[in-house]
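This report refers to the structure that appears directly beneath it.
Where a number appears in this text, it was derived from the coordinates with a stated rule and is not lab data. Just so it is clear, the structure is predicted and the values come from calculations on it, not from any experiment. Neighbour counts are summed over all protein chains in view; Cβ atoms, including those assigned to glycine, are modelled from backbone coordinates with ideal geometry.
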Amino acid sequence: LHNHGFWRPKSLLDTTGFTPSFNSRHRKNHQDSRALWKHEAVQKYLETLNKEYQQVSNLLNADSLKDFEQRTLRRRWADLSPIAAAFHEIKESEREVQELEAMCRELGSRDEKQLLELALEEKETLDKKMNMLCRKLFQLLVPKEKYDRSPVILEVTAGRTTGGDICQQFTKEMFEMYQNYADYKCWTFDIVNYTPAEIGGLHHAAAHISGEDVYRHLKYEGGTHRVQRIPETGMSSRMQRIHTGTMSVIVLPQPEEVDIKVDAKDLRIDTFRAKGAGGQHVNKTDSAVRIVHLPTGLAVECQQERSQQLNKEIALRTLRAKLYQQIIEKQLSQEQSARKLQLGTRAQSERIRTYNFTQDRVTDHRISYDARNIKEILNGKEALDKLINRLLEFAEIEAVTEYLENLQAFEGGGC
């Protein structure tokens, strides 16, 4: 395309999928999409993309292009078209907001209260529209991760505490929260393994979750979740002593086509009686299955179905997903990927979120964000969805910000 005066190397946003580390030193205070839109570097970058869109559009109308040039330009045009459209829509809304602000100042000086109230209402509507358009624009700028649309295997495991049974109880509440969230998002939630605690809580459980963009919404849930609460029973409850405990969540993307060969001689398959709720067959037949992959030591269990064969098939599918995850992590490590937060197993020692029942507060430490009303969040519906979307928005903003920093460093270094 040099002959047509058009050449642009692919940018980092074209080629690199960012997953935020949530620990950038100067991005501790969350900024929203609207604030980032006003950044000079963002405006410059978007103007460049818009100019490129115009160039590509003009070139596509030329008759002298060869077939491969046409195909290349059409692909680029398809990438740039929605970004250019959102850019122009935001610019137009911005002009409308400025006109309304000028009108409000004028009406305020005339003391025309009724007209001023109408103008302020319209400005509020436009502000909401601007926020939505800015979020949409940055979603377009940030590339979709390879596994965003994949179903997942979600595992929860109770941690340890200084006393009481709050870890097991909290683990049960968390598992039910994700089950409710799956229902809220119209996903399918199939329990693969469920190991209850004797005192009514939960030691460990796993579920296969499928539906629209499951991994995209759950990929930042993986990690250590901390709970702070006064136990409902025992000496601590009478003394009003706060106990601290933890539980861990692992979210494994499970692509539909996982071609991992597992040699039968590398497997140890054990059967045992199911421990969880499941009907009259529980504790009467050895329907539950545990499979250990001897070369890696990976172990999976399934006791969801009455049939031992079905449980074996589900366990093998889960095992393949975990083996596939190891391959992914090895590739990412070799590529020195920036994905420090999550893609499968993660550093369990770092807590990502604290649920403080005594203060009725949930704190996500990665984005320094506090949410109130723990019960609403544990219900797994709108309140949890709002928190998850806050994380996704932060991830998009950090990806754009990181790109701009790299771009400035590249231009400043002259390399």
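May I ask for the net charge around residue 383, where only other residues with Cβ less than 15 Å from the Cβ of residue 383 are counted and Lys, Arg are +1 while Asp, Glu are -1? Write out the running numbers ahead of the final one.
Details: positive: 185, 353, 361, 372, 375, 381, 386, 390; negative: 173, 176, 183, 221, 360, 364, 370, 376, 382, 385.
Here the count lands on -2.
Between residue 58 and residue 132, the simple label model (points 7 Å from Cα in the Cβ direction) yields a spacing of 3.5 nm. Per-peptide packing, taken as the mean over residues of other Cβ atoms within 10 Å, places 369-379, 307-317 in the sequence 307-317, 369-379 from highest down.
Return the FRET efficiency for the residue pair residue 198, residue 373: r is the Cβ-Cβ distance, R0 is 22 Å, and the value is rounded to the nearest 0.05. Show your work: numbers first, answer last.
Details: r = 31 Å, r/R0 = 1.40.
That gives a FRET efficiency of 0.10.
Mind running the shape call on region 88-174? Use the C-alpha gyration tensor, a ≥ b ≥ c as the square roots of the eigenvalues: rounded below 1.5 for a/c, prolate if a/b tops b/c, oblate otherwise. It is oblate, given that a/c is not under 1.5 and a/b is not larger than b/c. Placing R0 at 56 angstrom, the Cβ-Cβ distance between residue 267 and residue 244 gives a FRET efficiency of 0.90 after rounding to 0.05. Normalised by the number of residues in region 29-98, the mean separation of alpha-carbon contacts (under 8 Å, six or more apart) gives a relative contact order of 33 percent. On full extension, the segment bounded by residue 81 and residue 144 gains 21.0 nm, given 0.36 nm per residue less the C-alpha separation. Shown is the FRET efficiency for residue 114 and residue 38, computed with R0 = 45 Å from the Cβ-Cβ distance and rounded to the nearest 0.05: 0.90. With the cut-off at under 14 Å, measuring from each backbone N in region 43-60 to a point 7 Å along the Cα-to-Cβ line of residue 94 picks out 43-51.
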